[in-house]
1. Could you check, for region 230-237, whether at least one of its residues is within 28 Å of residue 300 (Cβ to Cβ), surrounded by fewer than 13 Cβ atoms within 10 Å (Cβ to Cβ) and out of contact with any Lys or Arg (no Cβ under 7 Å at 6 or more places or on another chain)?
2. Got a number for residues in region 61-81 being under 28 Å from residue 165 (Cα atoms) and touching a strand residue (DSSP E or B) at 6+ places or on another chain (Cβ under 7 Å)?
3. I'd like the residue in region 144-182 that is acidic (Asp, Glu) and not in a helix (DSSP H, G or I) and, out of all such residues, is surrounded by the most Cβ atoms within 10 Å (Cβ to Cβ).
4. Given the residues 246, 235, 290, 286, which is the only one that is farther than 19 Å from residue 201 by Cα and at pLDDT 80 or above?
5. What about residue 242, is it touching a Cys at 6+ places or on another chain (Cβ under 6 Å) and under 30 Å from residue 271 (Cβ atoms)?
6. Tell me which residues, restricted to region 266-284, are among the aliphatic types (A, V, I, L, M), in contact (Cβ under 8 Å) with a residue 12 or more places away in the chain and surrounded by fewer than 24 Cβ atoms within 10 Å (Cβ to Cβ).
7. Out of the residues in region 47-89 that are touching a Gly at 6+ places or on another chain (Cβ under 7 Å) and either modelled with pLDDT under 80 or among the hydrophobic types (A, V, I, L, M, F, W, C) (or both), which is nearest to residue 248 (Cα to Cα)?
8. Regarding residue 193, is this residue touching a residue at least 12 places away in the same chain (Cβ under 8 Å) and either out of contact with any strand residue (DSSP E or B) (no Cβ under 7 Å at 6 or more places or on another chain) or of a type outside the set (Gly, Ala, Ser) (or both)?
Amino acid sequence: MSRRRTSGPFDLDRWRPAPFLPERDTRDSALVFVVAVLCFLACLTALGVIASDRAARGWSHQLSGEMTVIVRPKANETPDSAAARAAETLAGVPGVAEARALEREKAEALIAPWLGEAADLADLPVPRLVAVVLDREAPASAQSLERALLARGLDAVVDDHTTWLADIQRGAAIARWVGLGVFLLISAAAAAVVAFATRAGLAARREVVELLHLTGAEDAFIARLFQVRFAQMAAGAGLVGAACAAVLGAAMRLGGGGQGLTPVLPVAWSDLLAVLPCPLAAALVAAVAARVTAASLIRELS
């Protein structure tokens with residue numbers, strides 16, 4: 001019958017050496033909170049960029065499939081009759097799916113924001129507008145519409161929305177670059193936080209690092225301990241931040257109906273998948289920051 005080995009007040013069978021890095025640290029909660037908030041903001045930025053890009057593509061698709069014709073009546077006809085004749089002419093052009101003359105009230109509603117409420121539009125020669133919907137398979141060109149109108153003796157100007165399309169595409173590109181810049185700034189902030197925590201952890205264990213060096217431990221082994229520790233911590237924090245962003249995105253989708261919270265930022269259910277890489281990205285950033293910082297400080301301590 002074996003006897004339990006004891007040495008003074010210690011039970012040698014149950015005794016285990018303390019780990020180099022404790023499983024829990026009082027500073028961990030603050031670090032997890034900061035990383036989780038940064039991941040939450042990064043996920044919201046990604047959702048915003050995806051939604052704005054979808055809105056821009058939807059507007060571009062709508063504008064590219066339509067044209068607007070401004071019709072000015074001649075002396076021998078009324079504005080309504082000129083617009084009706086233009087719509088009839090354009091409806092027969094190959095590549096045009098539909099052409100309809102807009103009522104005077106709709107034309108005045110489009111002009112009113114530019115002239116202000118003080119203007120009396122009833123006394124102004126408001127031109128009539130013809131909305132043209134193009135065939136998606138083989139759309140007509142602005143030149144073909146102008147030739148058809150000119151052949152019928154109509155004084156009209158065709159607007160193919162090129163200016164608006166360029167503005168929308170430029171705005172979408174700016175939104176993408178701004179989103180990328182914000183994402184990189186958030187990643188840099190997360191890396192700085194992890195680097196600071198790694199530096200503090202190594203400084204608090206300077207004597208242990210020196211002892212490990214005396215026992216033959218390599219610098220890479222010590223740095224790997226911090227790398228794994230902070231990578232796991234950042235992955236957990238990233239999971240929390242991504243989950244919160246997904247819940248908020250789902251609320252925006254449910255609260256806004258079919259177009260999300262607003263037509264300007266239409267959030268789709270598939271957009272929520274964009275938060276899935278967040279824990280892995282957070283772990284990768286933390287691992288790199290911890291490894292580089294730990295390796296640099298260990299060289300200084302050795």
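1. No; the residues of region 230-237 include none that is within 28 Å of residue 300 (Cβ to Cβ), surrounded by fewer than 13 Cβ atoms within 10 Å (Cβ to Cβ) and out of contact with any Lys or Arg (no Cβ under 7 Å at 6 or more places or on another chain).
2. Step one: filter region 61-81 for residues under 28 Å from residue 165 (Cα atoms), giving 61-72.
Filter once more, keeping what is touching a strand residue (DSSP E or B) at 6+ places or on another chain (Cβ under 7 Å): 65-72.
Residues meeting the conditions: 8.
3. Here is the first cut: in region 144-182, the ones acidic (Asp, Glu) are 146, 155, 159-160, 167.
Pick out the ones that are also not in a helix (DSSP H, G or I) and you get 155, 159-160.
Values: 155: 14, 159: 15, 160: 19.
Selected residue: 160.
4. Numbers: 235 fails: farther than 19 Å from residue 201 by Cα; 290 fails: farther than 19 Å from residue 201 by Cα; 286 fails: farther than 19 Å from residue 201 by Cα.
After applying the criteria, what remains is 246.
5. Details: touching a Cys at 6+ places or on another chain (Cβ under 6 Å): yes; under 30 Å from residue 271 (Cβ atoms): yes.
So residue 242 passes the test.
6. Narrowing region 266-284 to residues among the aliphatic types (A, V, I, L, M): 267-268, 272-276, 280-284.
So of that shortlist, the ones also in contact (Cβ under 8 Å) with a residue 12 or more places away in the chain come out as 267-268, 272, 274-276, 280-284.
Result: 268, 272, 274, 276, 280, 281, 283, 284.
7. Pass one, region 47-89, residues touching a Gly at 6+ places or on another chain (Cβ under 7 Å): 47-49, 51, 56.
Still in the list and also either modelled with pLDDT under 80 or among the hydrophobic types (A, V, I, L, M, F, W, C) (or both): 47, 49, 51, 56.
Details: 47: 10, 49: 15, 51: 14, 56: 22 Å.
Selected residue: 47.
8. Values: touching a residue at least 12 places away in the same chain (Cβ under 8 Å): yes; either out of contact with any strand residue (DSSP E or B) (no Cβ under 7 Å at 6 or more places or on another chain) or of a type outside the set (Gly, Ala, Ser) (or both): yes.
Here the answer is yes, as residue 193 does meet what is asked.
The values are calculated or read from the model by the stated rules, or taken from the named source; none is laboratory data. For clarity, every value in this text was computed on a predicted model and none was experimentally measured. So basically every Cβ, Gly included, is an ideal-geometry build from the backbone, and we count neighbours across all protein chains shown.
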